[in-house]
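Okay, here's the structure, questions in a sec.
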2 protein chains.
Amino acid sequence: MKVAELQFQLHHTHHHQHQQQKQNKQNETAQMCRKIQLSVADQLSPPIRSDSADDCDMADEGEEFFVPPLNFAVVDNGIFRSGFPEPANFPFLQTLGLRSIIYLCPEPYPEANMEFLRSNGIKLYQFGIEGRKEPFVNIPEDTIREALKVVLDVKNHPVLIHCKRGKHRTGCLVGCLRKLQKWCLSSVFDEYQRFAAAKARVSDQRFIELFDISGLKHLPMSFSCSKRIR
Amino acid sequence: MKVAELQFQLHHTHHHQHQQQKQNKQNETAQMCRKIQLSVADQLSPPIRSDSADDCDMADEGEEFFVPPLNFAVVDNGIFRSGFPEPANFPFLQTLGLRSIIYLCPEPYPEANMEFLRSNGIKLYQFGIEGRKEPFVNIPEDTIREALKVVLDVKNHPVLIHCKRGKHRTGCLVGCLRKLQKWCLSSVFDEYQRFAAAKARVSDQRFIELFDISGLKHLPMSFSCSKRIR
């Protein structure tokens, strides 16, 4: 019931926002980032059915429960991370009021997910980073840098960063963000390992360590915990 | 340098806030919670020295880095979790602009930590839950319920929840919060296990599963991701 109310509010808020909005050319990120500006449907879309109860072992009392995506977590104010969102996760994602999603894999976004973005007016920034296995991992530094600029831009918040499992590619991007927030490297690695667990890669941590943040330090970080003064 | 600026601002903001404020009697939580309302020192306290660089292997370029406490993470808007904060973590904690700390152990708070609270005008809510080992674990449900009320009260935000390692007692409290947020149990356990790792306890997860949230559902949860509509 809560989910249904939520969808109703979302539709009313966003319905007339970007009708047939044209995709803006963004020269800087064009080469490495496929930014897809979705137009919100003219008609009220049918509410996305909540599949959460089906996937959940707690559906007693006839209530519906939210199913966060695999490896979901709050990174900072208005910044979230996770593995690949399934349709069962959509009702939960709606509660976040997302304005954009940063998707770090080269594979095309599934139609069900595209439809979710369209009906909720969520922008998709796709940075196609190959998910290679060690020792052939080669996270492209320039791509991570461009993705970081999208993360840092509060106009994109609330934003969800995800790849396939929310471990390696997402872990690298969040790790570089922590460096910008001036976190000690041991704390950055501790967080990386918490999500990667048994799949933690030395090469990813080496990438984070060597990642040069000097070109990004001038960017505003108003979202950050580190700037939130009472 | 950023740390010094921050401290300066914090002092100016909080200096005249609660001079010699008397401790309020809170009947409801009095039995299980030792709430300590700290008065802010009349004199500007000497800025807490940043020890972060000493503890950090990343202190190049003469910069100082932040050292988040063990197992630190963002739980939700204005709610954080961690293990026991050491003096090396104080500069980082200052960046969060904390209004209160929920401490879940029976041991007295160390003097260095008390001094940190005093000089930053942070309230301490202590709920003394014994850190017993399996199979003798017995998390007191009433205490967790009272702690949850403190977590849910936005007047206490930003709030840091911590115990010793940020795994069991903190994990139980956050787990019960997730139930209130209507997270699916499997997702609640997934998060619990991410922080407890090799020390995950079936008994803690059983406690979370059996925890009765019906008496708390009426409380407002304005902080929650689940209510943040764009």
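The values are calculated or read from the model by the stated rules, or taken from the named source; none is laboratory data. Computed from a prediction, not measured in an experiment: that's the story for all the values here. Positions of Cβ are generated from backbone atoms using ideal geometry, with glycine treated the same way; all protein chains shown enter the neighbour counts.
With respect to B:Asn113, is the statement that it is farther than 17 Å from B:Ile208 by Cβ, of a type in the set (S, T, N, Q) and within 13 Å of chain A (Cβ to nearest Cβ) true?
For B:Asn113, the condition - farther than 17 Å from B:Ile208 by Cβ, of a type in the set (S, T, N, Q) and within 13 Å of chain A (Cβ to nearest Cβ) - is not met.
Among the residues of the stretch B:93-136, how many are aromatic (Phe, Trp, Tyr) and touching a helix residue (DSSP H, G or I) at 6+ places or on another chain (Cβ under 7 Å)?
Counting residues in the stretch B:93-136 that are aromatic (Phe, Trp, Tyr) and touching a helix residue (DSSP H, G or I) at 6+ places or on another chain (Cβ under 7 Å) gives 3.
How many of the residues making up the stretch B:171-219 are assigned to a helix (DSSP H, G or I) and within 11 Å of chain A (Cβ to nearest Cβ)?
Keep residues of the stretch B:171-219 that are assigned to a helix (DSSP H, G or I), which gives B:171-180, B:185-199, B:202-210.
With within 11 Å of chain A (Cβ to nearest Cβ) added as a condition, the list becomes B:178-179, B:185-191, B:193-198, B:208-209.
Number satisfying all stated conditions: 17.
Could you list, in sequence order, the residues of the stretch B:192-215 that are without any contact (Cβ under 8 Å) to a residue 24 or more places away in the chain, under 16 Å from B:Val75 (Cβ atoms) and surrounded by fewer than 22 Cβ atoms within 10 Å (Cβ to Cβ)?
Correct list: B:Gln193, B:Arg194.
A further question on this structure: Listed residues B:Arg81, B:Arg118; which is more than 23 Å from B:Arg169 (Cα to Cα), more than 9 Å from every other protein chain (Cβ to nearest Cβ) and at pLDDT 95 or above?
B:Arg118
For the subset of the stretch A:84-104 comprising residues that are within 13 Å of chain B (Cβ to nearest Cβ) and of a type in the set (Ser, Thr, Tyr), which member is farthest from A:Val67 (Cα to Cα)?
Restricting to residues being within 13 Å of chain B (Cβ to nearest Cβ) and of a type in the set (Ser, Thr, Tyr), the top hit is A:Ser100.
For A:Leu160, all conditions in the list (1) modelled with pLDDT under 95; (2) under 24 Å from A:Gly97 (Cα atoms); (3) in contact with a Pro (Cβ under 9 Å, 6 or more places away or on another chain) hold save one; what is the number of the exception?
Of everything listed in (1) modelled with pLDDT under 95; (2) under 24 Å from A:Gly97 (Cα atoms); (3) in contact with a Pro (Cβ under 9 Å, 6 or more places away or on another chain), A:Leu160 misses just condition (1).
Would you call A:Asp153 surrounded by fewer than 17 Cβ atoms within 10 Å (Cβ to Cβ), among the acidic types (Asp, Glu) and within 27 Å of B:Gln193 (Cβ to Cβ)?
Details: surrounded by fewer than 17 Cβ atoms within 10 Å (Cβ to Cβ): yes; among the acidic types (Asp, Glu): yes; within 27 Å of B:Gln193 (Cβ to Cβ): no.
Taking the combined requirement at face value, the residue does not satisfy it.
Table: residues versus (1) surrounded by fewer than 20 Cβ atoms within 10 Å (Cβ to Cβ); (2) of a type in the set (Asp, Glu).
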position	(1), (2)
A:Met114	yes, no
A:Gly121	no, no
A:Leu124	yes, no
A:Phe127	no, no
A:Glu130	yes, yes
A:Ile161	no, no
A:Gly166	no, no
A:Lys179	no, no
A:Cys184	no, no
